[in-house]
Amino acid sequence: MSRHSAAWAAVAEAARGVPTLAALFGADAGRTARLSVEAAGLHFDFSKTHLSPEVEAALAELLAASDFESARAALFSGAVVNPSEARAATHAAERGSGSGPAVAAAAEARAATRRLVARVETGAFGEIRHILHIGIGGSALGPALLVDALDGGRGRYDTHVISNIDGIALERAMRACDPARTLVVVVSKTFTTVETMTNAESARDWIGGAERFVAVTAAPERAADWGIAPENVLGFAESVGGRYSLWSAVGVTAALALGWTAFEALLAGGHAMDAHFESAPVTENAPVLAAMTDVLYAAFLGAETRAVFAYDERLRLLPPFLQQLEMESNGKRVDRDGKLLTHPSAAITWGGTGTDAQHAVFQLLHQGTHLVPIEFVMVKTPGHGLGAAHHRQLLANAVAQGAALMRGRSEAEALALSGGDAALAAAKTFPGNRPSSAIVLDTLDPHTLGALIAFYEHRTFTAAVLLGINPFDQWGVELGKEMARAALDGDAGADFDASSRALLARLL
Ligand code: F6P
């Protein structure tokens, strides 16, 4: 048996015998302190997960057997860590972490972005009131999260992020914007993505030209061919993956909306988390501990999903951002060498905002039959000026949900509440022992948000190392794109089943 197989079997064995959360707390008065981490200004508490000392030790051994330290070093050194595309993954260099050449190249590209921001601010494009950001996937979700979380609706520009090819999205934005005062930012790494190019063409028709267009792409010649002036084209490296790209020129919309100082603070927050991830021992390393819990639940304890609840309206776009980051990265069926996985891949990520979600989906989380590890993201300082009751209620609810999920309510307690009615008591019983983790930001600002996003990136990477997956490719999106092209070309032949052919005949 290889060292890796032995380590995997040891985690399985430890997971089978893992005590309940109540027992884990009962056995260790220092548990919360031991499983809490302060990193880059953020507080993490993993103590209400099933990381028992045995499970944690076994997962640490699995990390070692997975060559985690050399994988992490390879990530930061700019070595090829994306074998199916023969590429490095240099997103951390965009925030100043990594190999000298990658950091220098990113700094040069950042200077160009800064110059463009200054040109917009000094009127090179006329008086700009609105920004229409057009992109999809990683070219939209990150920028949308940044602007929505940080500009508080009081941003320097009225900013719209449009991604869907459904014209309703663009039409709505057009109705809200004055075309003469709109800067269009077209973001596409490839500059071929059909949604983005179709939306960009409609926006160009609406404005009547591409003079007030900026492009952000790793294929600058395509943007120039499309009609965007070369001085308005910002580049970024092929080795920066779309879902990891908000730190690069892809973040220009956020830099415009929030100001350059804020954008640099975002990068500094990401850099601070890089430093923590690179140097903290694995048992005190926030992304590593989080990845351990992810893999424990998904691969060893049968959890098919994990849920993230942002108890802060400003972070309402965090769950959709994480869905792409985690599912496009680690939703794979083969390992880095192309061999079929013999264990589940990463879980499905879903979530929402608290307290809304409590009145919609928490029933299943408390009493349903699925195991769903939950993450609560909280911000100590409110983002509004209304009475303190709002924020106190919000935070009290977040903490109470985690406590209730763990504690549950016994049958005896439920019976006492049910006047001896056994059926009612059964309905009122909560099994408890349901895991959650907590992430606390003192304030939500560019620095803390940068640290939070970098935390999720490194967590995703570490889970990929444990699962043996390449987190930096996304071949799974290709087949559907090809078949859509065939359907549009009227070429829906034998590759399309009878049902799909009938639907196409009805619809197109
Ligand atoms: O189709 C998936 C995908 O390639 C994502 O990985 C990417 O973020 C998105 O499409 C957009 O791609 P692009 O930036 O090249 O337009």
Q: Would you mind finding the one in GLY432, GLY419 that is farther than 30 Å from ALA257 by Cα and at pLDDT below 95?
A: GLY419
Q: Of the conditions (1) out of contact with any Asp or Glu (no Cβ under 9 Å at 6 or more places or on another chain); (2) under 22 Å from ALA451 (Cβ atoms), GLY78 clears all except one; give me its number.
A: (2)
(Q) Return the residues of region 119-154 that are closer than 20 Å to ARG204 by Cα and either of a type in the set (Val, Ile, Thr) or crowded, with 23+ Cβ neighbours inside 10 Å (or both); say none if nothing qualifies. (A) VAL120, ILE128, ILE131, LEU132, HIS133, ILE134, GLY135, ILE136, SER139, ALA140
Q. Of the residues ARG314, ARG336, which is farther than 22 Å from VAL361 by Cβ, touching a Gly at 6+ places or on another chain (Cβ under 8 Å), charged (D, E, K, R) and open to solvent by 40 Å² or more (accessible area, probe 1.4 Å)?
A. ARG336
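Would you please name the residue that is nearest to the chain's Cα centre (by Cα), looking only at residues in region 168-192 that are closer than 20 Å to ALA144 by Cα and β-branched (Val, Ile, Thr)?
First pass over region 168-192, keeping only residues closer than 20 Å to ALA144 by Cα: 168-177, 182-191.
Next, from what is left, pick out any that are β-branched (Val, Ile, Thr): 168, 182, 184-187, 190.
Values: ILE168: 26, THR182: 29, VAL184: 25, VAL185: 22, VAL186: 21, VAL187: 18, THR190: 21 Å.
Across region 168-192, the extreme among qualifying residues is VAL187.
Do any helices (runs of 4 or more DSSP H) entirely within region 126-207 hold 2 or more residues that are more than 17 Å from LEU256 (Cβ to Cβ), more than 16 Å from the ligand (Cβ to nearest atom) and not polar (S, T, N, Q), and if so, which?
Numbers: elements: 141-150, 167-176, 194-207.
By residue number, 167-176, 194-207.
Could you list, in sequence order, the residues of region 469-496 that are charged (D, E, K, R) and either closer than 21 Å to LEU341 by Cβ or modelled with pLDDT of 95 or more (or both)? Lay out the reasoning, then the answer.
The first filter runs over region 469-496 and keeps only residues charged (D, E, K, R), leaving 473, 478, 481-482, 485, 489, 491, 495.
If the condition is that a residue be charged (D, E, K, R) and either closer than 21 Å to LEU341 by Cβ or modelled with pLDDT of 95 or more (or both), then ASP473, GLU478 are the ones that fit.
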Q) What number goes with the only condition from (1) over 12 Å from the mean Cα position of the chain (by Cα); (2) not in a loop (DSSP other than H, G, I, E, B) that SER345 does not pass? A) (2)
Q | In region 193-243, the residues that are over 30 Å from SER99 (Cα atoms), under 28 Å from the mean Cα position of the chain (by Cα) and open to solvent by 60 Å² or more (accessible area, probe 1.4 Å) | A | VAL194
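Let's see how each residue does on (1) out of contact with any strand residue (DSSP E or B) (no Cβ under 9 Å at 6 or more places or on another chain); (2) open to solvent by 30 Å² or more (accessible area, probe 1.4 Å); (3) part of a strand (DSSP E or B); (4) modelled with pLDDT of 95 or more:
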{"residue": "VAL37", "(1), (2), (3), (4)": "no, no, yes, yes"}
{"residue": "GLU56", "(1), (2), (3), (4)": "yes, no, no, yes"}
{"residue": "GLU69", "(1), (2), (3), (4)": "yes, yes, no, yes"}
{"residue": "ALA93", "(1), (2), (3), (4)": "yes, no, no, yes"}
{"residue": "GLU108", "(1), (2), (3), (4)": "yes, yes, no, yes"}
{"residue": "VAL117", "(1), (2), (3), (4)": "yes, no, no, yes"}
Q: With the condition kept exactly as written, say whether any residue in region 14-31 is open to solvent by 50 Å² or more (accessible area, probe 1.4 Å), under 29 Å from the mean Cα position of the chain (by Cα), in the same structural domain as ASP335 (by TED's automatic domain parsing) and basic (Lys, Arg).
A: no
Q. Are there any pairs, at least 6 apart or on different chains, whose C-beta atoms fall under 7 Å, with the first in region 163-189 and more than 22 Å from ALA224 (Cα to Cα) and the second more than 16 Å from the ligand (Cβ to nearest atom) and of a type in the set (Lys, Arg), and if so, which?
A. ASP178/ARG129; ARG181/ARG129
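The values are calculated or read from the model by the stated rules, or taken from the named source; none is laboratory data. As the structure is a prediction and not an experimental result, all values here were calculated from the model. Every residue, glycine as well, gets a Cβ built from its backbone with ideal geometry; the counts of neighbours run over all protein chains shown. These area figures cover heavy atoms from the full protein model, side chains too; ligands, DNA and RNA do not enter into them. Shrake-Rupley method; radii C 1.70, N 1.55, O 1.52, S 1.80 Å.
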